[in-house]
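**Q** Take a look at this one; I'll ask things after.
The values are calculated or read from the model by the stated rules, or taken from the named source; none is laboratory data. The shown structure was predicted, so the numbers you read here are calculated from the model rather than taken from an experiment. Note that we place each Cβ from the backbone using ideal geometry, even for glycine, and neighbour counts take in every protein chain shown.
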Amino acid sequence: MRKKLLVSLTCFTVFLLLITGCGEKPEKEQAEHSTGLFAMGTYITLTAYGEDAGTALNFAKKRITELESKWSVTNENSEIYQINHSQGNSVEVSQVTADLLQFTLNIAEQTDGALDPTIYPLVEEWGFISGNYQIPSDEKLQELLQNTGYEKVSISKNRITVPEGFELDLGAVGKGYTGEILTDLLKDQGITSALLDIGGNIQLVGRKPDGNKWRLGIQDPFGEGTLGVLEAEDCAVVTSGGYERYFTGKDGKNYWHILNPDDGKSADSGLVSVTIIAKEGRLCDALSTAFFVMGPEKSEKYWREHGGFDMLLVTEDNEIIVTDGIADSFVLNDGRNETLRVLEQ
Ligand code: AMP
Ligand code: MG
């Protein structure tokens, strides 16, 4: 399975591709406006429809830059950087950062620490921040794991305290929350139709301007191209996969960027990709990362206990598991050899 992942050429792939409608000319009031920027370590494309969409997208871009400047792990002025260099002192942060961190800690607790925003020292050691990849020794991993554990993060109003040596990383949730924030911003600006692609984290506003649902290609985690097509509207669709960012070690194995907080190594749960579909982008982003660590059985259990979202899981042995809420909206491409299993509530 890991060998098949080598087929993927880029280290960081946009894994949800918009399948465009053909031939339809938008009417004047539905004029398409599109803009792109590099931020949050990825390429972002924002597309919105309507006469005022250009102005609305400019507001959206500004908001992305603001959020990035709060959450960046490398920008010395960011709130996260301040926390990561606080030497055990508390740091006052903005409401939006406190909200995101509180949400992340809640999901960390609900997933028994599969999602853990204190994982940053490990992410850094593996080289996923600098690009200088290396395989740390087991001793090094154990040493760094001493400085992790979401339970030790405290939030009191907007004051965040982490023990000395702890460092936070909102990389698993920030892009999803950004999509959610931008959706509210665009709706406030009167936009009723938009597609936001934040490095493959998709947030949809309403339907396509022609009134049809959006059609999204779900990236094939085993190679290039897509697995199938998902129809969706007014929601977020977020995928986590090992193929997005990985390196091949000197031992010939692939090591990817989603780590199991129990041992500090690339998560090896039997899943090769996880797509979550829900209204809230932050929930989709948090759960897609957590489920990639948890594997199919625990993910199904979480879904049955909590609900409120749909999911599409791809296992390393070619099974696609979808929840009943999207079973009729997902169509597997012709000629695929995966088996499709539907989970009924
Ligand atoms: P995503 O692409 O949303 O699945 O997030 C992956 C990113 O989150 C990685 O690049 C790391 O920065 C960070 N990360 C890796 N493993 C975890 C984890 N178990 N919990 C929280 N964040 C993680
Ligand atoms: Mg995520």
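**Q** Working only within the stretch 241-270, note down all residues that are under 18 Å from residue 110 (Cβ atoms) and more than 13 Å from ligand 2 (Cβ to nearest atom).
**A** 260, 261, 262, 269
**Q** Taking the residues in the stretch 207-224 that are free of Cβ contacts under 8 Å to residues at least 60 places away in the same chain and out of contact with any Asp or Glu (no Cβ under 8 Å at 6 or more places or on another chain) as candidates, determine which candidate is surrounded by the fewest Cβ atoms within 10 Å (Cβ to Cβ).
**A** 211
**Q** Give the residue that is farthest from residue 89 (Cα to Cα), with candidates limited to residues of the stretch 181-214 that are among the small types (Gly, Ala, Ser) and away from ligand 1 (no atom under 14 Å from the Cβ).
**A** 211
**Q** Within the stretch 160-193, how many residues are hydroxyl-bearing (Ser, Thr, Tyr) and more than 30 Å from residue 242 (Cβ to Cβ)?
**A** 3
**Q** Among (1) of a type in the set (S, T, N, Q); (2) buried (at least 18 other Cβ atoms within 10 Å of the Cβ); (3) not in a helix (DSSP H, G or I), which single condition is residue 299 missing?
**A** Of everything listed in (1) of a type in the set (S, T, N, Q); (2) buried (at least 18 other Cβ atoms within 10 Å of the Cβ); (3) not in a helix (DSSP H, G or I), residue 299 misses just condition (3).
**Q** Assess whether residue 178 counts as being within 24 Å of residue 290 (Cα to Cα), away from ligand 1 (no atom under 16 Å from the Cβ) and β-branched (Val, Ile, Thr).
**A** In short, no.
**Q** Among the candidates 155, 191, which residue alone is in contact with a helix residue (DSSP H, G or I) (Cβ under 9 Å, 6 or more places away or on another chain), away from ligand 2 (no atom under 16 Å from the Cβ) and assigned to a strand (DSSP E or B)?
**A** 155
**Q** Still on this structure, please answer the following. Among the residues of the stretch 205-223, is any within 16 Å of ligand 2 (Cβ to nearest atom), in a loop (DSSP other than H, G, I, E, B) and in contact with a Leu (Cβ under 8 Å, 6 or more places away or on another chain)?
**A** Yes - at least one qualifying residue is present in the stretch 205-223.
**Q** Return the residue satisfying two criteria in turn: it lies in the stretch 261-292 and is of a type in the set (Val, Ile, Thr) and out of contact with any Ser or Thr (no Cβ under 6 Å at 6 or more places or on another chain), and of such residues it is farthest from ligand 1 (Cβ to nearest atom).
**A** For the stretch 261-292, the residue satisfying everything is 277.
**Q** Name the residues in the stretch 105-138 that are in a helix (DSSP H, G or I) and either closer than 11 Å to residue 264 by Cβ or touching a His at 6+ places or on another chain (Cβ under 8 Å) (or both), would you?
**A** Hits for the stretch 105-138 are 110, 121, 122, 123, 125, 138.
**Q** When you look at residue 322, is it at pLDDT 95 or above and buried (at least 20 other Cβ atoms within 10 Å of the Cβ), yes or no?
**A** yes
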